[in-house]
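The values are calculated or read from the model by the stated rules, or taken from the named source; none is laboratory data. Everything numeric here is computed off the predicted structure, so don't read it as measured data. We place every Cβ from the backbone using ideal geometry, glycine too, and count neighbours over all the protein chains shown.
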Amino acid sequence: MQFTIKQIAHLINGEVQGDDSLTVSKLAKIEQGNTGDISFLANQKYEHFIYTTKASAVIVGKDFVPKKAISASLIVVDNPYLSFTQLLEEYQKILNFSKKGAEQPVFVGTGTEIGEGAYQGAFSYVGNNTKIGKNVKIYPQVYIGDNVVIGDNTLIYAGVKIYSNAIIGSNCVFHAGAVIGSDGFGFAPQEDGTYKTIPQLGNVVIEDNVSIGANTTIDCATMGSTIIHQGVKIDNLVQVAHNVEIGKNTVIAAQTGIAGSTIVGENCVLAGQVGVVGHISIANGTKVGAKAGVRKSIKQENTSITGTYAFELNDYMRAAAVFKRLPQLDKQVRELEKRLEELINEGVFSEA
């Protein structure tokens with residue numbers, strides 16, 4: 001799709017310097033821009049590219065003062081990085097939400113309602129008595145079970161599996177291979193050493209504006225609901241167990257695992273490969289460093305923890321400083337022990 005520079009300037013509340021009638025159809029890095037592209041300059045390290053770029057338009061800040069002639073039209077804004085991000089978001093919407101209608105073959109169960117502007121990719125399956133909102137995009141090979149509710153403007157990419165009874169809000173994104181509502185890991189040990197499966201009868205509730213990464217799994221509750229509150233962003237390959245609750249606007253990086261019935265607060269950050277035991281709570285604003293193991297509840301808000309056995313950040317940093325010096329300290333201790341033994345032998349000190 002093509003837009004004039006004037007139209008783009010209006011969208012991002014910018015002022016044009018140059019020809020505003022030129023059209024652009026693609027976003028590009030400033031060093032790679034060609035005719036018909038739009039780029040941005042936010043880091044002054046890249047300023048030299050603005051004098052050589054072939055892009056038709058460049059978004060710049062109000063504090064930018066050219067040192068040479070520039071062939072591109074300029075769109076002057078308060079924050080060029082945020083403005084370009086806004087363009088990326090709009091461009092993504094155009095790409096993702098342009099599809100409509102149903103490809104063939106697809107399956108739609110009885111009693112199911114699908115809103116206006118929805119898209120169903122080939123080989124997708126939607127079960128019985130399910131309600132799909134307006135403008136929802138269901139890509140090929142998606143499975144959606146019975147009695148599911150999905151809000152408006154949600155994107156469900158190829159191969160996603162959403163089990164029965166899940167409730168999903170509006171403006172959510174599910175990346176390829178995500179599984180929502182699979183059984184929680186519930187097994188009761190028996191006297192003979194075997195395990196008896198505990199039925200998992202609950203569901204998953206995902207609120208508005210949630211993003212779920214590729215191949216992430218969110219288990220259904222044993223009873224009640226596993227709950228992902230609004231604004232949560234979950235990376236690829238994350239495991240969220242049964243009856244977990246994740247507070248709004250929390251972000252979770254790849255390969256993190258959260259065990260059952262744990263409550264994660266609002267605005268938390270869990271870095272990559274974090275492990276969280278079950279049946280604990282993590283206070284609002286907690287930041288957990290990569291590969292940390294959280295073994296007990298964190299009650300104080302806005303705490304930063306890290307380490308394989310996670311503890312308070314400042315204590316960990318002091319311990320880490322000592323840990324690096326352990327070989328030297330061990331040598332010093334051995335030398336002191338040897339010297340003390342010599343002094344005892346010389347009668348300077350007694351063993352008592």
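Among the residues of the range 294-309, which ones are among the hydrophobic types (A, V, I, L, M, F, W, C) and touching a Phe, Trp or Tyr at 6+ places or on another chain (Cβ under 8 Å)? Full working, then the answer.
Restricting attention to the range 294-309, the residues satisfying the condition of being among the hydrophobic types (A, V, I, L, M, F, W, C) are 294, 298, 305.
Ile305 - this is the single residue of the range 294-309 that is among the hydrophobic types (A, V, I, L, M, F, W, C) and touching a Phe, Trp or Tyr at 6+ places or on another chain (Cβ under 8 Å).
In the range 163-220, what count of residues is obtained for those that are within 30 Å of Phe97 (Cα to Cα) and basic (Lys, Arg)? Steps first, please.
Initial filter on the range 163-220 (within 30 Å of Phe97 (Cα to Cα)): 163-182, 203-220.
If we keep only those that are basic (Lys, Arg) too, we end up with none.
Residues in the range 163-220 being within 30 Å of Phe97 (Cα to Cα) and basic (Lys, Arg): 0 in total.
Name, by its number, the condition in (1) closer than 30 Å to Ala178 by Cβ; (2) aliphatic (A, V, I, L, M); (3) surrounded by fewer than 17 Cβ atoms within 10 Å (Cβ to Cβ); (4) touching an Asp or Glu at 6+ places or on another chain (Cβ under 9 Å) that does not hold for Ala253.
(3)
Cβ-Cβ under 9 Å, sequence separation 6+ or interchain: first residue in the range 176-193 and in the same structural domain as Ala221 (by TED's automatic domain parsing) and in contact (Cβ under 8 Å) with a residue 60 or more places away in the chain, partner surrounded by 15 or more Cβ atoms within 10 Å (Cβ to Cβ) and basic (Lys, Arg). Which pairs?
As it stands, the answer is none, since no pair meets every condition given.
Residues in the range 63-71: is at least one among the hydrophobic types (A, V, I, L, M, F, W, C), free of Cβ contacts under 8 Å to residues at least 12 places away in the same chain and not assigned by TED's automatic domain parsing to the domain that holds Gly133? So that I can check it myself, show each step before the final result.
From the range 63-71, those among the hydrophobic types (A, V, I, L, M, F, W, C) are 64-65, 69-70; that's our starting set.
Narrowing the set further to residues that are free of Cβ contacts under 8 Å to residues at least 12 places away in the same chain leaves 65.
Filter once more, so that each one left must be not assigned by TED's automatic domain parsing to the domain that holds Gly133: 65.
Yes, the range 63-71 has at least one match.
Could you please find all residues in the range 139-169 being in a loop (DSSP other than H, G, I, E, B), of a type outside the set (D, E, K, R) and over 25 Å from Ser261 (Cα atoms)?
Filtering the range 139-169 for residues in a loop (DSSP other than H, G, I, E, B) gives 139-142, 145-148, 151-154, 157-160, 163-166, 169.
From what is left, the residues that are of a type outside the set (D, E, K, R) are 139-142, 145, 147-148, 151, 153-154, 157-160, 163-166, 169.
Result: Tyr139, Pro140, Gln141, Val142, Gly151, Asn153, Thr154, Tyr157, Ala158, Gly159.
I'd like the residue in the range 292-321 that is modelled with pLDDT under 90 and among the aliphatic types (A, V, I, L, M) and, out of all such residues, is nearest to Gly260 (Cα to Cα).
Taking the range 292-321 first, the residues modelled with pLDDT under 90 are 307-321.
Adding the requirement that they be among the aliphatic types (A, V, I, L, M) leaves 310, 313, 317, 319-321.
Values: Ala310: 19, Leu313: 25, Met317: 30, Ala319: 31, Ala320: 31, Ala321: 35 Å.
Here the answer is Ala310.
Which of the residues belonging to the range 26-48 are within 24 Å of Gln2 (Cα to Cα) and either in a helix (DSSP H, G or I) or without any contact (Cβ under 8 Å) to a residue 12 or more places away in the chain (or both)?
Lys29, Ile30, Glu31, Gln32
Of all the residues that make up the range 177-226, how many are on the phi > 0 side of the Ramachandran plot and surrounded by fewer than 14 Cβ atoms within 10 Å (Cβ to Cβ)?
Taking the range 177-226 as the starting set, the residues that turn out to be on the phi > 0 side of the Ramachandran plot are 177, 181, 193, 209, 215, 224.
After this cut, where a residue has to be surrounded by fewer than 14 Cβ atoms within 10 Å (Cβ to Cβ) as well, the list is 193.
Of the residues in the range 177-226, 1 are on the phi > 0 side of the Ramachandran plot and surrounded by fewer than 14 Cβ atoms within 10 Å (Cβ to Cβ).
Of the conditions (1) under 17 Å from Gly14 (Cβ atoms); (2) touching a helix residue (DSSP H, G or I) at 6+ places or on another chain (Cβ under 9 Å); (3) surrounded by 15 or more Cβ atoms within 10 Å (Cβ to Cβ), Tyr46 fails just one. Which one is it?
All conditions pass for Tyr46, except number (1).
Give the residue that is modelled with the lowest pLDDT, with candidates limited to residues of the range 81-136 that are small (Gly, Ala, Ser) and surrounded by fewer than 14 Cβ atoms within 10 Å (Cβ to Cβ). Before the answer, list the steps.
Looking only at the range 81-136, we keep the residues that are small (Gly, Ala, Ser), and these are 83, 98, 101-102, 109, 111, 115, 117-118, 121-122, 124, 127, 133.
Retained after the next criterion (residues that are surrounded by fewer than 14 Cβ atoms within 10 Å (Cβ to Cβ)): 98, 101, 111, 122.
Working: Ser98: 82, Gly101: 94, Gly111: 98, Ala122: 98.
Filtering the range 81-136 for residues that are small (Gly, Ala, Ser) and surrounded by fewer than 14 Cβ atoms within 10 Å (Cβ to Cβ), the one modelled with the lowest pLDDT comes out as Ser98.
Name the one entry in Val136, Val173, Val148 that is free of Cβ contacts under 8 Å to residues at least 40 places away in the same chain and in contact with an Asp or Glu (Cβ under 8 Å, 6 or more places away or on another chain).
The unique qualifying residue is Val136.
Can you tell me how many residues in the range 2-19 are on the phi < 0 side of the Ramachandran plot and touching a residue at least 40 places away in the same chain (Cβ under 8 Å)?
Our first condition is that a residue be on the phi < 0 side of the Ramachandran plot; within the range 2-19, this holds for 2-12, 14-17, 19.
Okay, now just the ones that are also touching a residue at least 40 places away in the same chain (Cβ under 8 Å), so 5, 8-9, 11-12, 14-17, 19.
Final tally of qualifying residues: 10.
Quick check on my filter: what residues within the range 88-110 are acidic (Asp, Glu) and over 29 Å from the mean Cα position of the chain (by Cα)? Give the steps one after another, and end with the answer.
The initial filter retains those residues of the range 88-110 that are acidic (Asp, Glu), namely 89-90, 103.
Selection gives Glu103 alone.
So, in the range 67-76, exactly how many residues are surrounded by 15 or more Cβ atoms within 10 Å (Cβ to Cβ) and out of contact with any Lys or Arg (no Cβ under 7 Å at 6 or more places or on another chain)? Talk me through it step by step, then tell me what you get.
Going through the range 67-76, the residues surrounded by 15 or more Cβ atoms within 10 Å (Cβ to Cβ) turn out to be 70, 72-76.
If we keep only those that are out of contact with any Lys or Arg (no Cβ under 7 Å at 6 or more places or on another chain) too, we end up with 70, 72-75.
Counting residues in the range 67-76 that are surrounded by 15 or more Cβ atoms within 10 Å (Cβ to Cβ) and out of contact with any Lys or Arg (no Cβ under 7 Å at 6 or more places or on another chain) gives 5.
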